[in-house]
1. Just name the residue that is farthest from A156 (Cα to Cα) out of those in the range 103-120 that are outside any helix (DSSP H, G or I) and small (G, A, S).
2. Out of the helices (runs of 4 or more DSSP H) lying entirely within the range 121-162, which hold 1 or more residues that are touching a residue at least 24 places away in the same chain (Cβ under 8 Å) and of a type outside the set (A, V, I, L, M, F, W, C)?
3. Which of the residues that make up the range 173-214 are aliphatic (A, V, I, L, M), over 26 Å from S57 (Cα atoms) and in contact with a strand residue (DSSP E or B) (Cβ under 9 Å, 6 or more places away or on another chain)?
4. Could you grab me the full set of residues in the range 167-186 that are crowded, with 24+ Cβ neighbours inside 10 Å and among the basic types (K, R)?
5. Residues that are surrounded by 23 or more Cβ atoms within 10 Å (Cβ to Cβ) and of a type in the set (S, T, Y): list the strands (runs of 3 or more DSSP E) wholly contained in the range 196-265 that include at least 2 such residues.
6. Which of the residues that make up the range 81-100 are on the phi < 0 side of the Ramachandran plot and in contact with a Ser or Thr (Cβ under 9 Å, 6 or more places away or on another chain)?
7. On the basis of being modelled with pLDDT of 95 or more and under 18 Å from the mean Cα position of the chain (by Cα), does Q105 make the cut?
Amino acid sequence: MNTAKQNSRCSIPQTSTLNQTMVNVENLSLQMGDKHILQHVSFDLPAADITSLIGPSGAGKSSLLRCMNMLNTDWTGHIQVQHTDIRHWHGGADILRKHIGLIAQKPAVFPVSIADNVLFGLSRSQQKENTSALLQHCLQQSALWDEVKDRLDQPANTLSIGQQQRLCLARALALKPSVLLLDEPTASLDPRSKQLIELSLHELAQNIPILCVTHDLDQAQRLQGNILFMCDGKIIETADCDSLFNHPQKLETREFLRWSVCDCD
């Protein structure tokens, strides 16, 4: 990959929240049997911005997201969100997952209407309130409103895959999360759907931190923000977009950016 051509894409947006930490991961380790999935992983996420998590398949990227969302609880170390240890989150893991939205690579829509999918995670009392404004707002944030506003009562599975992925984003946003975790959210989407999601992420990142796993290095540069390079369960290098893609400090990072492979043992 020729990174020199990409210089103009990378810049860190100047916002007043960049110096504030929303998420702190410290010395996070995960072992399954004899295999070390995560090894002493430490990093921070600012209160607003996009952080892309890159690295080869099997590096531990998806496992890291699942630990942060408490879908995997066998880890050691510390994960804090807004200075609160997620193991001690008031209300437990179910409440935590409303606070930390996780969107998987493959969209998972429920066998109900488009509107009901967006509002699915709300409590019964919340669903009894006038939710039309929330519904429109979330669908606009996910760049889907104009495409579905006239068929909100239709089954969600009538949408295209790209639309379903944006619907999953809208459903996560309806819970007003403080953090968004995305696991290759555009990996199987057409270029237009990919562009729409990336535009939505840029808008959302002005107010909340987003951690996005991607194998698409061009996408990581389009998303800008910060980059975490991960290999063999370890964070190898952390830098802003411009620095990592144009002036990587680690040999492993340079090899990965050039060949899309690395040997971090």
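1. So in the range 103-120, the residues outside any helix (DSSP H, G or I) come out as 103-113, 119-120.
Next cut, small (G, A, S) only: 104, 108, 113.
Working: A104: 17, A108: 10, S113: 5 Å.
Here the answer is A104.
2. On the way: elements: 124-128, 132-141, 145-148.
Counting at least 1 such residues, we get 132-141.
3. Kept after step one, since they are aliphatic (A, V, I, L, M), are these residues of the range 173-214: 173-175, 179-182, 187, 189, 196-197, 199, 201, 204-205, 208, 210-211, 213.
From what is left, the residues that are over 26 Å from S57 (Cα atoms) are 173-175, 204, 208.
Those that are aliphatic (A, V, I, L, M), over 26 Å from S57 (Cα atoms) and in contact with a strand residue (DSSP E or B) (Cβ under 9 Å, 6 or more places away or on another chain): L173, L175, L204, I208.
4. R171
5. Details: elements: 209-213, 226-231, 234-240.
Qualifying strands (runs of 3 or more DSSP E): none found.
6. In the first step, residues of the range 81-100 are kept if they are on the phi < 0 side of the Ramachandran plot; the result is 81, 84-90, 93-100.
Matches in the range 81-100: V81, R87, H90, A93, H99, I100.
7. Numbers: modelled with pLDDT of 95 or more: no; under 18 Å from the mean Cα position of the chain (by Cα): yes.
Criteria not met by Q105.
Residue by residue, here is whether (1) under 15 Å from S52 (Cβ atoms); (2) modelled with pLDDT under 95; (3) over 12 Å from the mean Cα position of the chain (by Cα) holds:
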site	(1), (2), (3)
L167	no, no, yes
A170	no, no, yes
K176	no, yes, yes
L181	yes, no, no
T186	yes, yes, no
P191	no, yes, yes
Q195	no, yes, yes
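The values are calculated or read from the model by the stated rules, or taken from the named source; none is laboratory data. Keep in mind that what you see is a predicted model, and the values were worked out from it rather than measured. Backbone-built Cβ (ideal geometry, glycine too); neighbour counts: all protein chains shown.
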